[in-house]
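Heads up: the structure comes next, in structure tokens.
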Amino acid sequence: MCLGIPGQIIEIADAARKLATVDVSGVRREVNVICIEGDGPLEELIGAWVLIHVGFAMSRIDEAEARATLEILHQLGEAQDEIEAMRASETMLGAGR
């Protein structure tokens, strides 16, 4: 499964290499913005929300979609933690039999 993570462009790190710094839930990373650059200067992308996959900003999204996606991913992470906890308790119960 391919997963795009929402992030917000906060600065252009290297215009010549088409690299921008994005903030993803407090974590900052450089991503390539060649897939979303327009006709204007890259600085126009600052503040934009994007979907990031394998180091590339693949598409622009609006803030509401970004926040909804982040919430779903957060819930999925919590669900994954629950599943792992259930597996751990099942293993412990099986060992006591």
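Here is the size of segment 27-70 from its Cα atoms: Rg then Dmax, 10.5, 29 Å. Highest-first packing order for the peptide set 26-36, 62-72, 47-57 is 47-57, 26-36, 62-72, based on the mean count of other beta carbon atoms within 10 Å.
Radius of gyration (Cα atoms) of segment 1-89, expressed as a multiple of 2.2 N^0.38 Å: 1.26. Count Lys and Arg as plus one, Asp and Glu as minus one, and take only other residues whose Cβ is under 14 Å from that of residue 15; the net charge is then -4.
No value in this document is a laboratory result; all are computed from the given coordinates. Worth saying up front: this structure is predicted, and the values here are computed from it rather than measured. With ideal geometry, Cβ positions are generated from the backbone for all residues, glycine too; neighbour counts draw on all protein chains shown.
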